[in-house]
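The values are calculated or read from the model by the stated rules, or taken from the named source; none is laboratory data. If you're wondering where the values come from, they're calculated on a predicted model, not measured in any experiment. Note that we place each Cβ from the backbone using ideal geometry, even for glycine, and neighbour counts take in every protein chain shown.
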Amino acid sequence: MAFCERLSEQLAVVATIDPVSMTGAVVNSDIFSMQLHRRALFILQTGAAVQAPGILVTIREAVDAAATATTAVILTRAATACAAVASQYLFEVSAEALADGYTYLVGTLDGGAGASLASMVVLADVERYHPASDRDLASVVSIQAAN
């Protein structure tokens, strides 16, 4: 079995932010439940342009899939720390880090006043009770493997 196939059996794409040009805009990832996962990895990719002050990354927890007002910030990375062009930033969240009663996560990117290019992919480990493919949001065009 090829490495790509083994890896896809262990990880699922649970949320994304498609490549976007942010100018004074805030964009959210899909919201997903951590009830079925142990860990989630948020991967921010910056494009060819990241304007000052950079991109503020916030990962919030919520009690429901609507991410209502009962959300709380679980992890924040200052915009000045996410200001390099053509770079990747990794943010890991474990299910144990969520507060009691909070089971959902959503990532937010805020480009501030500058025109910044970015995207985000969120991977989670294999679901405990369901096939990972049940909620996999991957839109992979091609997987190549040489055996």
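What the table shows:
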item: Residues of region 62-109 satisfying the condition of being of a type in the set (Asp, Glu) and closer than 16 Å to LEU41 by Cβ; result: GLU92, GLU96
item: The lone exception for PRO19 - which of (1) part of a loop (DSSP other than H, G, I, E, B); (2) surrounded by fewer than 12 Cβ atoms within 10 Å (Cβ to Cβ) it fails; result: (1)
item: Matching residues, region 24-59, being of a type in the set (Lys, Arg) and either part of a loop (DSSP other than H, G, I, E, B) or buried (at least 20 other Cβ atoms within 10 Å of the Cβ) (or both); result: ARG38
item: Verdict on VAL73 being free of Cβ contacts under 8 Å to residues at least 60 places away in the same chain, part of a strand (DSSP E or B) and either touching a Phe, Trp or Tyr at 6+ places or on another chain (Cβ under 7 Å) or surrounded by fewer than 16 Cβ atoms within 10 Å (Cβ to Cβ) (or both); result: yes
item: Any chance THR80 is assigned to a loop (DSSP other than H, G, I, E, B), at pLDDT below 90 and over 14 Å from the mean Cα position of the chain (by Cα); result: no
item: Residue count, region 102-121 (criterion: outside any strand (DSSP E or B) and closer than 19 Å to ALA84 by Cβ); result: 4
